[in-house]
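What follows is one structure encoded as structure tokens, with my remarks underneath.
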Amino acid sequence: MMRIRRADQRGHADRGWLDSRHTFSFGDYHDPAEMGWGVLRVINEDRVQPGEGFGTHGHRDMEIISYVLEGALEHRDSLGNGTVIQPDEVQRMSAGRGVTHSEFNASREAVVHFLQIWLLPREFGIPPGYEQKCFPPEEKRSRLRLVASGDGRDGSVTMNQEADLYASLLDPGQRVSHRPAAGRLTYVHVARGLVRVNGQSLAAGDGARISDEAEIGIEAEAASEVLLFDLPPADRPDEASSLRAGQSS
């Protein structure tokens, strides 16, 4: 089963310095049918104007991944980390029992375009943590490259959740496929380009909730960048509700 979420169906916040598109309910945007997919709770596509950003604010008990598409994102946090995230880098922050941080456009000239991704944690109240790694384009080209996982295998960043995040760069006509284990959930997000997912056309900003499919095939119709989430089965009432709201044939 697959349900497509079109880019223009997402929530939208325009604050002048920030243009943000919300795949799932976030901030002032609330839709009870769009509360997430399993443990995946947030995919925000953010564009931040030069020199602007999110001032110091707090998080707890959430796995937060930043994935930069264009520009550079400056990160500082209460753990003492101060870094700049560039395209092809993946940053993971485990908020755990509490962390504060800020995120600013590192440039005074160019917009930074990035995805902010949140997942529920496997364990609550852990010490906060941070990790950042680069995954060069050649590692993602024409394949699904594991960039975040629950066990850190294949050099991926390590999340406090039994979820896998893959990234892929595809040229027109190239195809990749993924076979989730029985009961697992899948979410595909098109960051750029145009692809067909199990025969259905998805453009930039589109996403697809997928369950009960033996294989997920992604074929590019244009140069594309795609994220694929392999997620654990829903095991809490709120997740089950999300499943029921999100499934269709």
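Does at least one position in region 153-166 carry a residue that is in a loop (DSSP other than H, G, I, E, B), touching a helix residue (DSSP H, G or I) at 6+ places or on another chain (Cβ under 9 Å) and modelled with pLDDT of 95 or more? Working first, answer last.
Keep residues of region 153-166 that are in a loop (DSSP other than H, G, I, E, B), which gives 156, 159-163.
Next, only the ones that are touching a helix residue (DSSP H, G or I) at 6+ places or on another chain (Cβ under 9 Å) stay: none.
No, because not a single residue in region 153-166 is in a loop (DSSP other than H, G, I, E, B), touching a helix residue (DSSP H, G or I) at 6+ places or on another chain (Cβ under 9 Å) and modelled with pLDDT of 95 or more.
I'd like to check something: does region 139-151 contain any residue that is out of contact with any Pro (no Cβ under 7 Å at 6 or more places or on another chain), surrounded by fewer than 16 Cβ atoms within 10 Å (Cβ to Cβ) and more than 23 Å from SER224 (Cβ to Cβ)? Talk me through it step by step, then tell me what you get.
If we filter region 139-151 for residues that are out of contact with any Pro (no Cβ under 7 Å at 6 or more places or on another chain), which is where we start, we get 139-151.
Narrowing the set further to residues that are surrounded by fewer than 16 Cβ atoms within 10 Å (Cβ to Cβ) leaves 141-143, 151.
Those still in the list that are more than 23 Å from SER224 (Cβ to Cβ) too: 151.
Within region 139-151 (the criterion being out of contact with any Pro (no Cβ under 7 Å at 6 or more places or on another chain), surrounded by fewer than 16 Cβ atoms within 10 Å (Cβ to Cβ) and more than 23 Å from SER224 (Cβ to Cβ)), the answer is yes, since at least one residue qualifies.
Can you tell me which residue among LEU40, LEU79 is closer than 20 Å to ILE126 by Cα, hydrophobic (A, V, I, L, M, F, W, C) and at pLDDT below 95? So that I can check it myself, show each step before the final result.
Numbers: LEU40 fails: at pLDDT below 95.
Result: LEU79 is the single residue among LEU40, LEU79 that is closer than 20 Å to ILE126 by Cα, hydrophobic (A, V, I, L, M, F, W, C) and at pLDDT below 95.
Whether any residue in region 88-109 is aliphatic (A, V, I, L, M) and surrounded by fewer than 19 Cβ atoms within 10 Å (Cβ to Cβ) is what I want to check. Give the derivation first.
Taking region 88-109 as the starting set, the residues that turn out to be aliphatic (A, V, I, L, M) are 90, 93, 95, 99, 106.
In the following step, the residues that additionally are surrounded by fewer than 19 Cβ atoms within 10 Å (Cβ to Cβ) were identified as none.
No, region 88-109 contains no residue that is aliphatic (A, V, I, L, M) and surrounded by fewer than 19 Cβ atoms within 10 Å (Cβ to Cβ).
Scan region 75-128 for residues that are part of a strand (DSSP E or B) and touching a residue at least 60 places away in the same chain (Cβ under 8 Å) and report the count. Please lay out each step first, then the result.
Filtering region 75-128 for residues part of a strand (DSSP E or B) gives 75-77, 82-85, 89-94, 99-105, 112-119.
Now drop any that are not touching a residue at least 60 places away in the same chain (Cβ under 8 Å), which leaves 90-92, 94, 112-119.
Total meeting the criteria: 12.
For (1) at pLDDT 95 or above; (2) closer than 14 Å to ARG196 by Cβ; (3) within 18 Å of the chain's Cα centre (by Cα), each residue gets a yes or a no:
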| residue | (1), (2), (3) |
| --- | --- |
| ILE218 | yes, yes, yes |
| GLU221 | yes, yes, no |
| PHE229 | yes, no, yes |
| SER242 | no, no, yes |
| ALA245 | no, no, no |
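If you check every pair at least six apart or on different chains, which have Cβ atoms under 9 Å apart with a residue in region 141-152 that is at positive phi first and a residue that is in a loop (DSSP other than H, G, I, E, B) second?
Cβ pairs passing all conditions: SER142/ASP171; SER142/GLN174; GLY152/MET159.
Return the pair list, or none, for Cβ contacts closer than 7 Å from residues in region 3-14 that are closer than 22 Å to GLN200 by Cα to residues that are modelled with pLDDT under 95 and among the small types (Gly, Ala, Ser), at least 6 apart or on different chains.
Partner pairs satisfying both residue conditions: ARG3/GLY246; ARG3/SER248.
Please go through region 204-237 and pick out each residue that is part of a strand (DSSP E or B) and surrounded by fewer than 16 Cβ atoms within 10 Å (Cβ to Cβ). Give the steps one after another, and end with the answer.
First pass over region 204-237, keeping only residues part of a strand (DSSP E or B): 207-210, 216-220, 224-231.
Answer for region 204-237, where residues must be part of a strand (DSSP E or B) and surrounded by fewer than 16 Cβ atoms within 10 Å (Cβ to Cβ): just GLY217.
So in region 15-33, with the set limited to residues that are under 18 Å from the mean Cα position of the chain (by Cα) and touching a residue at least 40 places away in the same chain (Cβ under 8 Å), which one is surrounded by the most Cβ atoms within 10 Å (Cβ to Cβ)?
THR23
The values are calculated or read from the model by the stated rules, or taken from the named source; none is laboratory data. None of these values were measured; they are calculated from a predicted model. With ideal geometry, Cβ positions are generated from the backbone for all residues, glycine too; neighbour counts draw on all protein chains shown.
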